[in-house]
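Asks: Handing you this structure, nothing more for now.
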Amino acid sequence: TDKTLSGEDAAQPMILQGAVDCMFEENGSLYILDFKTDRCYNKQELWDRYGPQLTLYKEAMTRVMNKEVNDTVLYSFYMNAPVYAPGKE
């Protein structure tokens, strides 16, 4: 069920469509890296925009691969820099 929805909508099946740009395994844990080309100078804004997408990728890959996802990272080509979840940088 979807915790952001209520009532009957929360109980409906949901389909996630997308592709993980890069996933690798290190020491038994998975890492997800998602590339972004948005023209954005603010790391927090980019994370706010795409953090929920990474959360869904993390949940899906944990289920599919049956392994823990240790970290998710955005990589901004425009800023030429990684963008981590708030508090992880």
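Computed from the coordinates by the stated procedures, all read-outs in this text should not be read as laboratory data. Source: prediction; values computed, not measured. Cβ sites come from the backbone with ideal geometry, for glycine too, and all protein chains shown count toward neighbours.
Asks: Work out the FRET efficiency for M23 and N80 from their Cβ-Cβ distance, taking R0 = 25 Å, and round it to the nearest 0.05.
Replies: That gives a FRET efficiency of 0.70.
Asks: Run through segment 37-89 and list the trypsin sites (Lys or Arg not before Pro) located in a DSSP loop whose Cβ has at most 16 other Cβ atoms within 10 Å.
Replies: R39, K67, K88
Asks: Between A11, A60, A19, find the one with the highest GNM mean-square fluctuation for the chain; connect C-alpha pairs within less than 10 Å.
Replies: A11
Asks: Another question, if that's okay. Would you mind telling me the antiparallel percentage of the DSSP bridges in the chain, rounded to 5?
Replies: Counting only bridges with both partners in the chain, antiparallel ones make up about 55 percent.
Asks: Between the DSSP loop rule and a limit of at most 12 other Cβ atoms within 10 Å, which chymotrypsin sites (Phe, Trp or Tyr not before Pro) in segment 7-58 are left? Let's see the in-between values first.
Replies: On the way: sites: F24, Y31, F35, Y41, W47, Y50, Y57; in loops: Y41.
Those that pass, being in a loop and sparsely packed, are Y41.
Asks: So what is Rg over Rh here for segment 18-83, counting just Cα atoms and using Kirkwood for Rh?
Replies: The Rg/Rh ratio comes out at 0.99.
Asks: Of Y31, V83, L46, which is farthest towards the positive pole of segment 18-83's charge dipole, taken about the Cα centre with +1 and -1 on the beta-carbons of Lys, Arg and Asp, Glu respectively?
Replies: Result: L46.
Asks: Separate question: Treating the beta-carbon of each Lys and Arg as +1 and of each Asp and Glu as -1, no other charges, what is the dipole magnitude of the chain about its Cα centre, to the nearest 20 debye?
Replies: 140
Asks: Which GluC sites (Glu not before Pro) from segment 11-84 combine a DSSP loop assignment with at most 14 other Cβ atoms within 10 Å?
Replies: E68
Asks: Using a simple spin-label model with points 7 Å from Cα along the Cα→Cβ vector, what separation in nm is obtained for D9 and T62?
Replies: 2.4
Asks: So, one more: By how many degrees, 0 to 90 and rounded to 10, does the Cα axis of helix 43-65 deviate from the longest principal axis of the chain?
Replies: 50
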